[in-house]
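The values are calculated or read from the model by the stated rules, or taken from the named source; none is laboratory data. Quick caveat: nothing in here was measured; it's all calculated off a predicted structure. Here the Cβ is made from the backbone with ideal geometry for all residues, glycine too, and neighbour counts use every protein chain on show. The accessibility values were calculated without ligands, DNA or RNA, using every heavy atom of the protein model including side chains. Shrake-Rupley method; radii C 1.70, N 1.55, O 1.52, S 1.80 Å.
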Amino acid sequence: MSDELKEKDEDSSEATKRELHETSLYQDVKPTQWPIIYSPEYNIGFLGLEKLHPFDAGKWGKVYGFLKEAKMIRDDTTVRATEATERDLLVVHTKGYLNTLKWSFHVAQITEVPPVAFLPNFIVQRKVLRPFRYQTGGTILAGKLAQERGWAINIGGGFHHCSANQGGGFCAYADITLSIKFMFDRLQSISKVLIIDLDAHQGNGHERDFMDDDRVYIMDVYNRGIYPYDGFAKRAIKRKVELSHGTDDEVYLELVDRHTKEALEEFQPDAVVYNAGTDILEGDPLGNLSITAQGIIERDRLVFSHVRSRNIPILMVTSGGYQRSTARIIADSILNLKQLGLIPCEDAENAPKPQITVMDLINGFILALSEFICHFQ
């Protein structure tokens with residue numbers, strides 16, 4: 001038996017020995033549901049405080065709305081995320097770190113919204129951290145769905161600045177690390193994971209978490225002239241592509257195409273986690289790159305084409321993006337992937353519309369009202 005196979009067996013045995021906690025996150029999904037995950041709980045809004053940060057805290061609901069308008073998905077053909085519990089979070093996070101989130105001042109530092117420091121923590125938990133926990137639950141579930149269906153998209157998530165014991169950069173929970181740890185522990189076919197991080201910022205959170213883990217290969221393409229300037233975390237990057245301010249489509253897409261192909265050939269992963277930030281868009285106040293909307297759509301196509309052609313499961317999270325136009329771009333990119341046959345789900349496409357009852361109408365009205373309120377907060 002080769003050393004590689006021995007290590008794989010040892011890793012699998014170790015996961016089996018560990019007592020796994022009960023979780024509701026790895027839910028069963030109907031064949032007639034797209035492996036696209038969302039919840040109205042993703043969206044953040046409280047007295048307009050979310051507008052003090054450049055991030056569009058209602059972006060996720062807008063993406064979902066655009067996909068519904070395009071008639072790609074319906075409420076009954078998509079997957080609703082559930083909230084990650086403390087036991088779920090403790091798979092990666094330390095108890096000490098989770099306790100710091102009970103202090104509003106600390107959450108204000110992580111979210112970069114100073115007035116949050118003056119809110120009672122029960123409000124911060126409900127209006128700020130609970131949406132993050134729902135998105136984290138969505139990313140964890142996406143790992144399972146990707147393994148089952150070949151691909152999955154969490155409309156939220158991608159909190160790549162958060163590590164096991166430290167948050168920052170609007171990232172309070174390490175959803176990427178958690179999703180990978182859940183896969184290693186619960187999915188026997190997954191023992192090697194490639195992270196392709198194409199957000200404009202360095203993904204220092206998952207890099208710190210997997211610093212000494214050879215099962216995880218990190219490819220990070222980012223603007224070296226912006227936050228977080230984490231030199232220590234860079235040591236974990238196996239394929240580092242540092243960009244300069246103003247990098248355009250031609251240069252960027254050639255780099256993404258070549259390095260994605262080479263990373264897949266070099267590492268040959270069992271799954272890919274794709275952090276698809278849209279803060280690379282020209283005009284983004286924090287990304288400082290010059291990628292067009294069509295460039296982002298082409299970037300996503302390149303990644304999915306390379307990964308799907310090798311029959312490797314891929315899960316995508318949407319990460320950063322600080323302009324109001326990014327929701328439309330994300331939706332257009334997903335629609336493009338569908339049109340090209342890169343994210344098929346024939347059962348969902350052909351699913352008959354359910355019979356509508358009075359209770360369905362009431363529930364639908366409540367859901368639509370909730371999403372409407374989130375959209376304009």
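Computed values, structure above
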{"quantity": "Single match in Ile218, Ile190, Ile196 (criterion: assigned to a loop (DSSP other than H, G, I, E, B) and β-branched (Val, Ile, Thr))", "calculated": "Ile190"}
{"quantity": "Residues located in the stretch 22-34, provided they are surrounded by fewer than 24 Cβ atoms within 10 Å (Cβ to Cβ) and either not polar (S, T, N, Q) or not in a loop (DSSP other than H, G, I, E, B) (or both)", "calculated": "Glu22, Leu25, Tyr26, Asp28, Val29, Lys30, Pro31"}
{"quantity": "Residue satisfying all of: in the stretch 105-118; touching a Phe, Trp or Tyr at 6+ places or on another chain (Cβ under 8 Å) and crowded, with 20+ Cβ neighbours inside 10 Å; modelled with the lowest pLDDT among these", "calculated": "Thr111"}
{"quantity": "Count of residues meeting criterion [assigned to a helix (DSSP H, G or I) and in contact (Cβ under 8 Å) with a residue 24 or more places away in the chain] in the stretch 230-260", "calculated": "12"}
{"quantity": "Residue under evaluation Leu101, criteria (1) at pLDDT 95 or above; (2) surrounded by fewer than 21 Cβ atoms within 10 Å (Cβ to Cβ), criterion not met", "calculated": "(2)"}
{"quantity": "Residue in the stretch 190-202 that is out of contact with any strand residue (DSSP E or B) (no Cβ under 8 Å at 6 or more places or on another chain) and at pLDDT 95 or above present", "calculated": "yes"}
{"quantity": "Residue in the stretch 163-186 that is assigned to a helix (DSSP H, G or I), more than 17 Å from the chain's Cα centre (by Cα) and either surrounded by 24 or more Cβ atoms within 10 Å (Cβ to Cβ) or of a type in the set (Phe, Trp, Tyr) (or both) present", "calculated": "yes"}
{"quantity": "Failed condition for Gly158, given (1) out of contact with any helix residue (DSSP H, G or I) (no Cβ under 6 Å at 6 or more places or on another chain); (2) assigned to a helix (DSSP H, G or I); (3) under 30 Å from Trp103 (Cα atoms); (4) open to solvent by less than 10 Å² (accessible area, probe 1.4 Å)", "calculated": "(2)"}
{"quantity": "Test result for Ile237, open to solvent by 10 Å² or more (accessible area, probe 1.4 Å), hydrophobic (A, V, I, L, M, F, W, C) and touching a Ser or Thr at 6+ places or on another chain (Cβ under 6 Å)", "calculated": "no"}
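Per-residue answers, yes or no, for (1) open to solvent by 20 Å² or more (accessible area, probe 1.4 Å); (2) within 27 Å of Ile180 (Cβ to Cβ); (3) part of a strand (DSSP E or B):
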| residue | (1), (2), (3) |
| --- | --- |
| Val273 | no, yes, yes |
| Gly277 | no, yes, no |
| Gly283 | yes, no, no |
| Gly287 | no, yes, no |
| Gly295 | no, no, no |
| Val303 | no, yes, no |
| His306 | yes, yes, no |
| Met316 | no, yes, yes |
